[in-house]
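Visitor: Got a structure for you, questions after.
The values are calculated or read from the model by the stated rules, or taken from the named source; none is laboratory data. Predicted, not measured: the structure shown is a model, and the values here were computed from it. In this analysis, Cβ positions are derived from the backbone assuming ideal geometry, glycine residues included, and neighbour counts consider all displayed protein chains. To get the accessible areas, we keep the full protein, side chains included, count just its heavy atoms, and leave off ligands, DNA and RNA. Shrake-Rupley method; radii C 1.70, N 1.55, O 1.52, S 1.80 Å.
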Amino acid sequence: MLGIFFPPGRSRAAPAAAAAIAGNGAFAPSAFLRIDGQGVIAFIVPKVEMGQGTYTSIPMLLAEELEVDLASVRIEHSPPNDALFRDPLLGEQVTGGSLAIRAFWEPMRRAGATARTMLVTAAATRWEVPASSCRAEKGRVVHPETGRTLAYGELAAEAASLPVPEQVALKDPKDFKLIGTPAKRTDSLDKIRGRTVFGIDVRLPQLRYAAVAASPVYGGRLQSVDEAAALAVDGVSEILRTQDSVAVVATDTWTAKKGLKALSPTWDDGPHASFSSESLDAAMAAARPNPALTAQKIGAPEELLARSRKTISASYRLPFLCHTAMEPLNCTVQIDASGCDIWTGSQVPARARDGAARLLGLPPENVRLHNQYLGGGFGRRLEIDYVTQAVALAQRAKGPIKFTWSREEDVQHDLLRPYFHNYLAAVLDDNGMPAAWSHRLIGSSVMARWFPGYFKDGVDLDAVHGATNLPYTIPNFVMEYLPFEPPMPTGNWRGVGPSHNIYVVESFIDELAAAAGKDPLAYRLALLDKEPRVKAVLELAAENAGWSRPMQPRRSGVRTGRGLSVMREFGAYLAQVVEVSVADDGEVTIDRVVCAVDCGQIVNPDTVIAQIQGGAVYGASAVLWGEITFKAGRVQQSNFHDARVMRINECPRIDVHLVKSGEAPGGIGEPGTAGLFPAVTNAIFAATGVRIRDLPIRPQLLQRA
């Protein structure tokens, strides 16, 4: 047995854990791979599948080196285990940050190559021939000279007894057969046939169902309930309470919802009853002069800004955003004498298990978390609040209970993307190019709570991600960060830093180009001489969008415009050109998105294209309508009618152009979302002359006079 060790933090428990996962008699040369005597190849995927294609692209890495067809690999969820399934770039078992391929590009290939080498050695030993005279192909070891072949299953027992090689040869990319080719999603067929089990699909014997409500104000407490009215609803069996939440248990979810309505809970709103979006906005604006942390400084920008008479300045505000993953939050819990079993979908299964164990006062090994497919994550399921809330309520009941949060409950208790204020200023040189740049960011630190190690000199590196180390050549530059925390904790949202900073940076660059009287594309290209990969995707997107050709109005009286953005984040290089139409009433339609992507070595191009398309739709929803507001401590939005998402008839045409590259793989889950915000608002400026600095877009600002 071989435990694959990832820096940082080698684990002595890994080999034993790998052996336990492998099962008796199976050939398990790594924590991720198991081959039994019948030749069944099981791959334990170290990341979760939430629609992003992980259960296809990561197995492709292993199958490539193992020399098997992708269809012959059976996929299994990884159990909670930081020692075995940690992300080597984060140090724990996490799916997020566009890291799956970046983190496992080499470990997965090495796992497949290790198994292949041992199987070939086992066959050569049986045949008494040099291992170099044998080769692996299509799940078999072949000896070409004699025509003998052995299936992997026939060699599993012998291979398992061999010493694990310390070094194995990985394929030269020119010899790849799977990597870089379009592959059908391994999970699609089961989803089409309704066989895939998401967390909300879990069924257990004697299962009961619960609807949940928590204090509508963060920090509030449950005050009273009408138990008699709830228990009078036919099918309701129990009321479960904690200090700040209550659940009604019934024979089915719909009955539980009716019981919860009859329960009519009232709340003590606590210390944040007067919190509002207006009060937060005013407090953040008042904090602007306060001392801030310097995230990056080049040259002497303050001196140039202080003595210049032609400073260009702008301020940008970005709202709270909710996640609204399509699968409602859910968690099934059973607590008995043996411990606790949990069925859910989590982006952090080990963290969820450990949180439940702490709550129950149990050792982690007595909490068994059964992770399922996730119906969307976007960062929401990086949190474990819904798991610990379910466990806290389940302590007061007997038997398994499935807890389901309504869409309203999810929206109004989400861990939102932070609210941000940004203040920028620049000085242009005689050629109209930026000689000095200043950016002050005010907002919440997600990482202070979620991943405290992600700091440098007190700066949340994620909060400033995308605002520092710009691809543009600017000789005098300063970026400052001023932490400002609202009453409630905030969370990750499909790339927290870049999801707001790319919007701010690319909007301000557009403003500088306009001030200099220059074309936005030409202006950017002139600043990108030191970034050939960024420059290349920008030119590719512009060419395919027909940037140099004038736009033709699609409807009489409708204003049209093109805008663009470029980014270099998550190890990927991406440019987007967006075409919009603006009606007389100010309503904006996104007509077309053209995207050029250089994400290094591509594993599955179909997945990359799908991620960019999905990211663009997600970003379009946010830039057009996304906003969560507070009044009297409460979230004012509740469901898709006011936490709006793009409908299929509103979806633009999205063209994706991939750059062939031999560079190391980059991440692709978040860039498509982050880059869309400024491309849309820059297109609106091209169409109307109105600059959008506060999101979401307000149609009343764009109405034709």
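Visitor: Looking only at region 362-382, count how many residues are over 24 Å from K191 (Cβ atoms) and touching a Pro at 6+ places or on another chain (Cβ under 9 Å).
Guide: Residues that pass the stated criteria total 3.
Visitor: Next up: Looking at region 630-652 only, could you name the residues that are under 23 Å from the mean Cα position of the chain (by Cα) and under 17 Å from V594 (Cα atoms)?
Guide: Within region 630-652, C651, P652 qualify.
Visitor: Has region 446-464 got any residue that is open to solvent by 60 Å² or more (accessible area, probe 1.4 Å) and among the aromatic types (F, W, Y)?
Guide: Yes, the conditions are met somewhere in region 446-464.
Visitor: Do we find that I21 is at pLDDT below 95, open to solvent by 40 Å² or more (accessible area, probe 1.4 Å), under 29 Å from the mean Cα position of the chain (by Cα) and under 28 Å from L150 (Cα atoms) in this structure?
Guide: It is true that I21 is at pLDDT below 95, open to solvent by 40 Å² or more (accessible area, probe 1.4 Å), under 29 Å from the mean Cα position of the chain (by Cα) and under 28 Å from L150 (Cα atoms).
Visitor: Does region 548-555 contain any residue that is touching a Leu at 6+ places or on another chain (Cβ under 9 Å) and of a type outside the set (S, T, N, Q)?
Guide: no
Visitor: Can you name every residue in region 80-128 that is of a type in the set (S, T, N, Q) and surrounded by fewer than 21 Cβ atoms within 10 Å (Cβ to Cβ)?
Guide: T121, T125, listed by residue number.
Visitor: Going through G3, G37 one at a time, which residue ends up being open to solvent by 20 Å² or more (accessible area, probe 1.4 Å) and modelled with pLDDT under 95?
Guide: G37
Visitor: Kindly indicate which of A352, A283, A295, A273 is touching a residue at least 40 places away in the same chain (Cβ under 8 Å), touching a Ser or Thr at 6+ places or on another chain (Cβ under 8 Å) and open to solvent by 10 Å² or more (accessible area, probe 1.4 Å).
Guide: A295
Visitor: Against the conditions (1) open to solvent by 40 Å² or more (accessible area, probe 1.4 Å); (2) among the charged types (D, E, K, R); (3) not in a helix (DSSP H, G or I), where does E278 fall short? Just the number, please.
Guide: Every condition holds for E278 apart from (3).
For (1) part of a helix (DSSP H, G or I); (2) open to solvent by 50 Å² or more (accessible area, probe 1.4 Å); (3) more than 26 Å from V603 (Cα to Cα); (4) not basic (K, R), each residue gets a yes or a no:
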| position | (1), (2), (3), (4) |
| --- | --- |
| K184 | no, yes, no, no |
| G194 | no, yes, yes, yes |
| P205 | no, yes, yes, yes |
| Y209 | no, no, yes, yes |
| E238 | no, no, yes, yes |
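Visitor: Just one of the numbered conditions (1) open to solvent by 40 Å² or more (accessible area, probe 1.4 Å); (2) more than 33 Å from the chain's Cα centre (by Cα); (3) not basic (K, R) is not true of A230; which one?
Guide: Failing condition for A230: (1).
Visitor: Something else about it: Mind checking whether some residue in region 365-375 is crowded, with 18+ Cβ neighbours inside 10 Å, among the polar types (S, T, N, Q) and in a strand (DSSP E or B)?
Guide: Yes.
Visitor: Quickly run through region 44-73 and pick out the residues that are farther than 25 Å from H370 by Cβ and within 23 Å of the chain's Cα centre (by Cα).
Guide: Of everything in region 44-73, those that are farther than 25 Å from H370 by Cβ and within 23 Å of the chain's Cα centre (by Cα) turn out to be M60, L61.
Visitor: Among the residues that make up region 599-611, is at least one of them open to solvent by 40 Å² or more (accessible area, probe 1.4 Å), assigned to a helix (DSSP H, G or I) and in contact with a Phe, Trp or Tyr (Cβ under 6 Å, 6 or more places away or on another chain)?
Guide: The answer is no; no qualifying residue exists.
Visitor: V537: open to solvent by less than 10 Å² (accessible area, probe 1.4 Å), touching a Lys or Arg at 6+ places or on another chain (Cβ under 8 Å) and touching a residue at least 40 places away in the same chain (Cβ under 8 Å), yes or no?
Guide: Spelling it out, it is not the case that V537 is open to solvent by less than 10 Å² (accessible area, probe 1.4 Å), touching a Lys or Arg at 6+ places or on another chain (Cβ under 8 Å) and touching a residue at least 40 places away in the same chain (Cβ under 8 Å).
Visitor: Applying the selection to region 676-693, what residues are in contact with a helix residue (DSSP H, G or I) (Cβ under 9 Å, 6 or more places away or on another chain), over 12 Å from L624 (Cβ atoms) and not β-branched (V, I, T)?
Guide: Once the filter is applied, which keeps residues that are in contact with a helix residue (DSSP H, G or I) (Cβ under 9 Å, 6 or more places away or on another chain), over 12 Å from L624 (Cβ atoms) and not β-branched (V, I, T), region 676-693 yields P678, A679, N682, F685, A686, A687, R691, R693.
Visitor: Look at region 670-694 and say how many of its residues are assigned to a loop (DSSP other than H, G, I, E, B) and more than 21 Å from the chain's Cα centre (by Cα).
Guide: Within region 670-694, residues that are assigned to a loop (DSSP other than H, G, I, E, B) and more than 21 Å from the chain's Cα centre (by Cα) number 5.
Visitor: Moving to a separate point now. Is it the case that R380 is crowded, with 19+ Cβ neighbours inside 10 Å, among the basic types (K, R) and closer than 22 Å to N81 by Cβ?
Guide: no
Visitor: Related question: Name the residues in region 612-629 that are open to solvent by 10 Å² or more (accessible area, probe 1.4 Å) and more than 18 Å from the chain's Cα centre (by Cα), would you?
Guide: Passing the criteria: L624, W625, E627, T629.
Visitor: Just the residues that are among the polar types (S, T, N, Q), within 30 Å of the chain's Cα centre (by Cα) and not in a strand (DSSP E or B), please, taken from region 285-335.
Guide: Listed by number, the list holds a single entry, T324.
Visitor: Let me ask something additional. Would you be able to tell me the number of residues in region 79-120 that are within 23 Å of Y454 (Cβ to Cβ) and among the hydroxyl-bearing types (S, T, Y)?
Guide: Count: 2.
Visitor: Residues in region 399-417: is at least one open to solvent by 20 Å² or more (accessible area, probe 1.4 Å), over 27 Å from the mean Cα position of the chain (by Cα) and free of Cβ contacts under 8 Å to residues at least 12 places away in the same chain?
Guide: No, every residue in region 399-417 fails to be open to solvent by 20 Å² or more (accessible area, probe 1.4 Å), over 27 Å from the mean Cα position of the chain (by Cα) and free of Cβ contacts under 8 Å to residues at least 12 places away in the same chain.
Visitor: How many residues does region 377-418 hold that are assigned to a loop (DSSP other than H, G, I, E, B) and either touching a helix residue (DSSP H, G or I) at 6+ places or on another chain (Cβ under 6 Å) or among the small types (G, A, S) (or both)?
Guide: Total satisfying the criteria: 6.
Visitor: Quick check on L260: is it in contact with a helix residue (DSSP H, G or I) (Cβ under 8 Å, 6 or more places away or on another chain) and in contact (Cβ under 8 Å) with a residue 24 or more places away in the chain?
Guide: Criteria met by L260.
Visitor: Working only within region 627-669, note down all residues that are in a loop (DSSP other than H, G, I, E, B) and among the aromatic types (F, W, Y).
Guide: F640 - this is the single residue of region 627-669 that is in a loop (DSSP other than H, G, I, E, B) and among the aromatic types (F, W, Y).
Visitor: Pull out all pairs, ordered by first then second residue, where Cβ-Cβ is under 6 Å, the residues are six or more apart or on different chains, the first lies in region 144-171 and is without any contact (Cβ under 8 Å) to a residue 40 or more places away in the chain and more than 21 Å from E64 (Cα to Cα), and the second is open to solvent by less than 70 Å² (accessible area, probe 1.4 Å) and not in a loop (DSSP other than H, G, I, E, B).
Guide: These pairs meet every condition: E158/A122.
Condition check ((1) among the small types (G, A, S); (2) more than 30 Å from Q52 (Cα to Cα); (3) open to solvent by 10 Å² or more (accessible area, probe 1.4 Å); (4) in a helix (DSSP H, G or I)) across all residues:
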| site | (1), (2), (3), (4) |
| --- | --- |
| P486 | no, yes, yes, no |
| P489 | no, no, yes, no |
| W493 | no, no, no, no |
| G497 | yes, no, no, yes |
| N501 | no, no, no, yes |
| I509 | no, yes, no, yes |
| A514 | yes, yes, yes, yes |
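Visitor: Just for region 131-148: of the residues that are part of a strand (DSSP E or B) and open to solvent by 60 Å² or more (accessible area, probe 1.4 Å), which one is nearest to T117 (Cα to Cα)?
Guide: R135
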